[in-house]
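Chemist: Quick one: the structure is below, questions incoming.
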Amino acid sequence: MTRVLVVEDDAQLARALVINLQARQYAVDAAPDGATALSLAAAEPPDVLIVDLGLPDMDGVDVIQALRRWSRAPVLVLSARSGSEDKIRALDAGADDYMTKPFSMDELLARLRAATRRAAEAPTLEPVAGGQVSTDDFTVDLVAKKVKRVDRDVRLTPTEWHLLEILICNPGRLISQRRLLQEVWGPSYSTKTNYLRVYMAQLRRKLEVDPSHPRYLITEPGMGYRFEP
Ligand code: CA
């Protein structure tokens, strides 16, 4: 049974979430504030969390940050805050996905399934001893810094390689535009999202079978990018 921790101070919404999740055979815990959430998460480690950002005792972003010191369970943020700055802050703190209120329960359930599936699949895709990550269409050798498609070697520029490396080393996780820009180009480039668009398009041309319908290098509009194994 998948265990979900719902962190939400709106009692009515929390109840609706708990009922819907229990009806789909999830084991559900609910916390009305950040402190309760962290102690519950420590006592009964959840497989996935749904976290509101506006909590009475602390900010949801701080809850995520505290959780990330010891847990890799996927975190889905469910917040009324719709600004891209809020999304980026939550993602940089370690959230895996972000939905704004009002929301559709069906979409929330779908994203929850996707998050738990990715988490279940992730361990096998962590760079292994040989430092290789393989998909159906290409193999990345993180030690030799080489990329191979089924039939041929792929040449990447240092910038393309750096971008790909960050995404590949975080399989299934949404990496914010800001983090990618800061790590690849440097702190003063954190708003140059057009750089990212150009380089991601190049990477897709080199790696994806159909670059206009990417299977591995996924854009999350307004938020960032994700390597989908
Ligand atoms: Ca709230």
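Only the coordinates and a few stated rules stand behind these numbers; no lab work does. Owing to the predicted nature of the structure, the values given are computational and were not obtained by experimental measurement. Here the Cβ positions follow ideal geometry from the backbone for every residue, glycine too, while neighbour counts run over all protein chains shown.
Chemist: Among 23, 35, 90, determine the one that fluctuates most according to a GNM of the chain built with springs between C-alpha atoms less than 10 Å apart.
Modeler: Per the Cα network of the chain with a 10 Å cutoff, 23 tops the list.
Chemist: Still on this structure, please answer the following. What are the membrane-span-like helices in the chain by this rule: whole DSSP H runs, Cα extent along the axis at least 20 Å, mean Kyte-Doolittle hydropathy at least -1.0?
Modeler: 105-125, 193-207
Chemist: What does the helix-only formula give at 222 nm for the chain: each DSSP H stretch with n ≥ 4 adding -39500 (n - 2.57), the total divided by the residues, and the result rounded to the nearest 500 deg cm²/dmol? Please list the in-between numbers first.
Modeler: Values: 8 runs with 97 residues, N = 229.
After summing the helix terms and dividing by residue count, I get -13000 deg cm²/dmol.
Chemist: While we're looking at this one, here's another question. Taking only Cα atoms and a 10 Å spring cutoff, compute GNM fluctuations for the chain and point out the largest among 32, 158, 46.
Modeler: 158
Chemist: The chain: longest stretch without exposed trypsin sites (Lys or Arg not before Pro) (DSSP loop, at most 16 other Cβ within 10 Å), sites themselves excluded?
Modeler: 73-144
Chemist: Let me ask something additional. Counting other C-beta atoms within 10 Å, which of 225, 195, 98 has the fewest, and how do the rest follow? Walk me through the numbers before you get to the answer.
Modeler: Details: 225 24, 195 17, 98 27.
Taking fewest neighbouring Cβ atoms as first place, the list is 195, 225, 98.
Chemist: Under 15 Å between alpha carbons, and skipping anything fewer than 8 positions from residue 87 in its own chain: which aspartates and glutamates qualify?
Modeler: Of all the aspartates and glutamates, those that pass the test against residue 87 - Cα under 15 Å, at least 8 places apart if same chain - are 52, 59, 62, 96, 97, 220.
Chemist: Still on this structure: Set the Förster distance to 22 Å, then compute FRET efficiency between residue 70 and residue 228 from the Cβ-Cβ distance, nearest 0.05.
Modeler: Once rounded, the FRET efficiency stands at 0.25.
Chemist: Here is a further query. Estimate the FRET efficiency between residue 104 and residue 57 by the formula 1/(1 + (r/R0)^6), using the beta-carbon distance for r and 30 Å for R0, to the nearest 0.05.
Modeler: 0.55
Chemist: Is the shape of the stretch 130-227 rounded, prolate or oblate, going by the alpha carbon gyration tensor and its root eigenvalues a ≥ b ≥ c, with a/c under 1.5 for rounded and a/b larger than b/c for prolate?
Modeler: prolate
Chemist: Given the options 52, 33, 151, state which has the largest fluctuation in a GNM of the chain using a 10 Å cut-off (strictly under) for Cα springs.
Modeler: 151
Chemist: Right, here's the next one. Cut-off under 17 Å on the C-alpha distance; same-chain residues fewer than 8 positions from residue 206 excluded. Which aspartates and glutamates are left, in chain and number order?
Modeler: 136, 137, 141, 151, 153, 160, 165, 228
Chemist: Using a Förster distance of 30 angstrom, determine the FRET efficiency expected from the C-beta separation of residue 169 and residue 201, and round it to 0.05.
Modeler: 0.90
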